[in-house]
1. When only residues in the range 69-126 that are in a loop (DSSP other than H, G, I, E, B) and of a type in the set (Gly, Ala, Ser) count, which is farthest from residue 145 (Cα to Cα)?
2. Could you tell me whether residue 203 is closer than 23 Å to residue 119 by Cα and in contact with a helix residue (DSSP H, G or I) (Cβ under 9 Å, 6 or more places away or on another chain)?
3. Go through the range 231-240 and give me each residue that's buried (at least 21 other Cβ atoms within 10 Å of the Cβ) and either more than 8 Å from the ligand (Cβ to nearest atom) or small (Gly, Ala, Ser) (or both).
4. Any residue that is closer than 22 Å to residue 188 by Cα and either outside the structural domain of residue 80 (by TED's automatic domain parsing) or among the small types (Gly, Ala, Ser) (or both) - is there at least one of those in the range 134-142?
5. List the number of the failed condition for residue 134; all other conditions in (1) of a type outside the set (Ser, Thr, Tyr); (2) at positive phi; (3) in a helix (DSSP H, G or I) hold.
6. Please identify the pairs in which a residue from the range 229-248 that is touching a residue at least 60 places away in the same chain (Cβ under 8 Å) has its Cβ atom under 6 Å from the Cβ atom of a residue that is in a helix (DSSP H, G or I) and among the aromatic types (Phe, Trp, Tyr), counting only partners at least 6 apart or on another chain.
7. Which members of the range 17-36 meet the condition of being touching a helix residue (DSSP H, G or I) at 6+ places or on another chain (Cβ under 7 Å) and among the aliphatic types (A, V, I, L, M)?
8. Looking at the structure I just gave you, is residue 120 crowded, with 17+ Cβ neighbours inside 10 Å, modelled with pLDDT under 95 and polar (S, T, N, Q)?
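The values are calculated or read from the model by the stated rules, or taken from the named source; none is laboratory data. All values reported here derive from a predicted model rather than from experimental measurement. Backbone-built Cβ (ideal geometry, glycine too); neighbour counts: all protein chains shown.
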Amino acid sequence: MEIREVGVVGCGLMGSGIAQVTATAGFPTLVVEASQELCDRGIENISKRLKRLVEKKSLSAEQQSAIQGRLRATTDLSKLSACDLVIEAILENLEVKNKLWRSLDGVLRPEAICASNTSSVSITQMMMATRRPERFLGMHFFNPVPVMELVELVKTLATDPEVYEAAVEFTRKLGKTPVHTFDRPGFIVNRLLVPYLLDAIRALEEGVGSITDIDRSMKLGCGHPMGPFILMDFIGLDTVYYIANVLFDEFREGRFAPPGLLKRLVVAGWLGRKSGKGFYDYSDPNAPKPLDQSVRL
Ligand code: 3HC
């Protein structure tokens with residue numbers, strides 16, 4: 001079961017990162033987006049990142065053009081019919097994802113493998129929207145995809161062991177490290193990471209330390225690349241909130257319950273870096289300014 005051609009549905013932050021990595025690893029990659037404008041924007045973002053790698057001399061100009069030559073974008077789902085593996089990286093919403101999977105099921109070859117990059121939607125519920133649950137698995141990449149080495153490979157009750165093995169091999173060919181996990185909310189990383197992030201908010205609410213000091217503590221005291229507030233802003237507060245709710249719905253334990261401050265920030269549209277403001281204000285991207293804690297948060 002060899003994977004030769006790859007399809008990536010969704011070319012936002014995660015999808016464009018995944019497409020960059022698959023094309024860089026030598027796989028012809030077809031990206032599908034909802035409009036031509038989104039196709040152009042996704043491909044443009046990949047080109048910019050590749051160009052930066054050339055400027056840093058991590059990549060030659062020839063390699064850059066070979067990678068770009070392996071990337072195509074379309075708005076037409078039926079073009080995915082030649083792909084051996086399709087990775088979905090669209091909105092985190094079961095209904096929207098299952099609508100896509102039902103359409104893809106009619107387009108893809110019977111032997112094609114289906115993978116979702118979801119961080120929080122049930123893989124089992126998605127596989128049931130297709131007539132090929134045994135060829136379905138989760139492939140969870142991390143942000144920024146070109147840099148982060150891990151891919152969680154999520155097995156369901158139905159995943160064929162040969163399909164799973166093909167995904168393991170493919171992940172290694174991308175230069176990433178696969179870990180094996182099962183279809184449980186949060187898989188491994190978010191199951192452990194999200195309660196830690198939520199606890200940082202509770203520590204802030206209890207006055208244990210300021211945003212800056214909590215971030216500095218975890219960075220310098222534990223060697224984390226980012227403190228919890230900078231990391232939440234980086235992930236997106238809406239995403240953290242969504243995953244926390246999925247975990248809380250499943251486990252009903254206080255450690256997974258999203259704190260009120262997180263909810264208020266999300267409702268206010270302060271979603272972190274992507275909206276310009278979250279726990280920090282990014283008006284000057286080189287010097288993020290923490291929320292003013294002299295007002296009641
Ligand atoms: N895309 C591509 N490359 C990027 C990048 C991006 N968005 N951001 C940084 N990089 C590259 C840089 O080009 C640089 O490459 P080089 O070493 O070849 O020069 C390298 O990463 C390091 O970047 P910087 O020197 O600019 O900055 P840092 O050393 O601070 O690293 C970071 C940036 C890699 C983002 C680092 O801070 C980090 O690892 N942060 C933690 C990220 C993390 O935890 N991600 C997981 C989030 S959870 C998740 O994704 C799961 C989801 O389900 C919620």
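1. The selected residue is 112.
2. no
3. 232, 233, 237
4. yes
5. Of (1) of a type outside the set (Ser, Thr, Tyr); (2) at positive phi; (3) in a helix (DSSP H, G or I), only one is false for residue 134: (2).
6. Taking only residues 6 or more apart or on different chains, the pairs are 247/256.
7. Taking the range 17-36 as the starting set, the residues that turn out to be touching a helix residue (DSSP H, G or I) at 6+ places or on another chain (Cβ under 7 Å) are 19-20, 23-25, 29-33.
Selection gives 19, 23, 25, 30, 31, 32.
8. On the way: crowded, with 17+ Cβ neighbours inside 10 Å: yes; modelled with pLDDT under 95: yes; polar (S, T, N, Q): yes.
Yes; evaluated as a whole, the condition is true for this residue.
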